[in-house]
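Colleague: If you scroll down you'll find the structure; I have some questions about it.
The values are calculated or read from the model by the stated rules, or taken from the named source; none is laboratory data. Because the structure is a prediction, the values reported are computed rather than measured. Using ideal geometry, Cβ is built from the backbone for each residue, glycine included, and neighbour counts are taken over all protein chains shown. Surface areas here come from the heavy atoms of the whole protein model, side chains and all, with no ligands, DNA or RNA. Shrake-Rupley method; radii C 1.70, N 1.55, O 1.52, S 1.80 Å.
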Amino acid sequence: DLRLAPPVAVLLCAFGTPVWFYSLTWWEMTLGVCCVMWGARFAIEHVRSGRLRSLVTAAALCGGAIYFRDEMYVFAAAVGAVATWYGRRSWSHAVAFVAALIVVLTPLWIFQWKAVGAPFGHHFGALSPDLTRFLPDRATVFENLFVATHEVRWVSVVTSALPVALFFVVPRLGSRAFSRGVPILALIGTLVGVWLFAAHLGADNSVTWLMSANGMFAVTPFALLAFVRAVGPEEEAASRRRALWLILVLYSIGYVVGAPVSNTEGIHWGCRFLLAAYPILAVLAAGTLTRWWSQSPEGRRLGAGPVVAVLLLSVVFQLHSLRLLHHRQILSEQLNRAVATRPERVVVATGWPVPQELYRVFHRKPIFLLRDPSQSEHLLSRLRGAGHTAAVYVAWPPRPGSGAGRRIIDDPLSFPSFEVSPVSLVR
């Protein structure tokens, strides 16, 4: 029954994609994704009905997402292009979409112009105009977003080749091929997923491993099922599916073309910069699964095992991410407890993450961030002159050596450690 597709999509997105991880962090990611997903929903409604109200609502929601994330400009453009192309193909509707977007975004542009001097935000200045760097950077950006699944490059290429190929081709299969193809893809997804998950578990450092295993298909084995569809009479449903897939493709290509390399790197769970892709993958995969289940009674008997396995493995990946998040939160709490219980009233920090880590003392103790160790003596002299007799030194990473009262805050999963040490200012 295809009516099961919506709840299946919700479950897949909630428990089988990195959306679960990011929804449990104090980040604006999921708020932006929520807005554009509702925007995509109204855009698809416009494709079905041709109503202008649905298109304007989609524009307003996509504009709201841009308040949270700059890359949602690209998603908004993809939604507008697909909605007007698959809808009534009316210039007046296209103008209405752009006008609604401008109305919603004008307060943001004014605020950013006044606050940071750039109406479209500071991210737009990060792209180099040098074509000699721009074109090679596109290959790096594509690799980071779509190919990165493993620390060893050839493993990344092998394990991502099939989903990347299907992502852009989306084969349309006859009934018999579809019945057999879904469990075969599920089996491939399971085998590749086990390989990649074993690499996560065997990594020397669970955190730095994520720097090379954060592509779109690195932690969602079920994604293969999103890129196959069956030949069928439901033309309206097929049109909506094509529109949704095209939004995903245009959004992804737009990000590859426009993003600097720095906006595709880092320690992330899954592809954080294309987080909006995962709910769409879930919707497309849910459509594939429910159609396969309803049309392939014989295939269910033979293929249920691989299908269930790939779904469960996707959930296991996300549970692993929650384990990492839990350990990271424990480390952060230990650091804050160690600093909060110190009697010193001033914090001297080295390492850019330290001030934002110290949430418990951020408003109670002044925090001075040393960008260069050579600043240390000057700062300590200024503190001494202001009447302070001691400070607590928080270093990331810890300095070599040892000292009285020195404490290292670390974690068995090899998260970056912190040093907490008292510093006397009395001569």
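Colleague: Kindly provide the set of residues from the stretch 11-36 that are open to solvent by less than 40 Å² (accessible area, probe 1.4 Å), among the hydrophobic types (A, V, I, L, M, F, W, C) and under 19 Å from residue 73 (Cα atoms), ordered by number.
Modeller: Selection gives 29, 33, 35, 36.
Conditions tested, residue by residue: (1) over 28 Å from residue 324 (Cα atoms); (2) without any contact (Cβ under 8 Å) to a residue 40 or more places away in the chain; (3) in contact with a strand residue (DSSP E or B) (Cβ under 8 Å, 6 or more places away or on another chain).
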| position | (1), (2), (3) |
| --- | --- |
| 359 | no, yes, no |
| 371 | yes, yes, no |
| 376 | yes, yes, yes |
| 414 | no, no, no |
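Colleague: Another question about this same structure. Name every residue in the stretch 61-82 that is over 22 Å from the mean Cα position of the chain (by Cα) and surrounded by fewer than 19 Cβ atoms within 10 Å (Cβ to Cβ), in order of residue number.
Modeller: The one that is over 22 Å from the mean Cα position of the chain (by Cα) and surrounded by fewer than 19 Cβ atoms within 10 Å (Cβ to Cβ): 81.
Colleague: Only residues in the stretch 11-37 that are under 29 Å from residue 357 (Cβ atoms) and touching a residue at least 24 places away in the same chain (Cβ under 8 Å) count as the first member; pair them with residues that are aromatic (Phe, Trp, Tyr) and open to solvent by 20 Å² or more (accessible area, probe 1.4 Å), Cβ under 6 angstrom, at least 6 apart or cross-chain, and list the lot.
Modeller: Pairs that qualify, where the first residue is under 29 Å from residue 357 (Cβ atoms) and touching a residue at least 24 places away in the same chain (Cβ under 8 Å) and the partner is aromatic (Phe, Trp, Tyr) and open to solvent by 20 Å² or more (accessible area, probe 1.4 Å), are 28/68; 31/68; 32/68.
Colleague: Being open to solvent by less than 70 Å² (accessible area, probe 1.4 Å) and of a type outside the set (Gly, Ala, Ser) is the filter here, so list the residues in the stretch 301-312 that pass it.
Modeller: Of everything in the stretch 301-312, those that are open to solvent by less than 70 Å² (accessible area, probe 1.4 Å) and of a type outside the set (Gly, Ala, Ser) turn out to be 306, 307, 310, 311.
Colleague: Scan the stretch 326-340 for residues that are open to solvent by 30 Å² or more (accessible area, probe 1.4 Å) and either among the polar types (S, T, N, Q) or in contact (Cβ under 8 Å) with a residue 40 or more places away in the chain (or both) and report the count.
Modeller: 5
Colleague: Here are some residues: 323, 384, 427. Which one is free of Cβ contacts under 8 Å to residues at least 60 places away in the same chain, over 33 Å from the mean Cα position of the chain (by Cα) and loosely packed, with under 13 Cβ neighbours inside 10 Å?
Modeller: The unique qualifying residue is 427.
Colleague: Please specify each residue of the stretch 38-60 satisfying the condition of being open to solvent by less than 30 Å² (accessible area, probe 1.4 Å), touching a residue at least 40 places away in the same chain (Cβ under 8 Å) and of a type in the set (A, V, I, L, M).
Modeller: The answer is 40, 43, 44, 47, 55, 59.
Colleague: Condition (residue is of a type in the set (A, V, I, L, M, F, W, C) and either modelled with pLDDT of 95 or more or at positive phi (or both)) applied to the stretch 168-176: is it met by at least one residue?
Modeller: Within the stretch 168-176, one or more residues are of a type in the set (A, V, I, L, M, F, W, C) and either modelled with pLDDT of 95 or more or at positive phi (or both).
Colleague: Moving on to the next point. Run residue 177 past the list (1) in contact with a Gly (Cβ under 9 Å, 6 or more places away or on another chain); (2) within 21 Å of residue 284 (Cα to Cα) and report the number of the one that doesn't hold.
Modeller: Single failed check for residue 177: (1).
Colleague: Right, here's the next one. Taking the stretch 155-191, which residues are touching a Leu at 6+ places or on another chain (Cβ under 8 Å) and among the β-branched types (Val, Ile, Thr)?
Modeller: 159, 182, 188, 190
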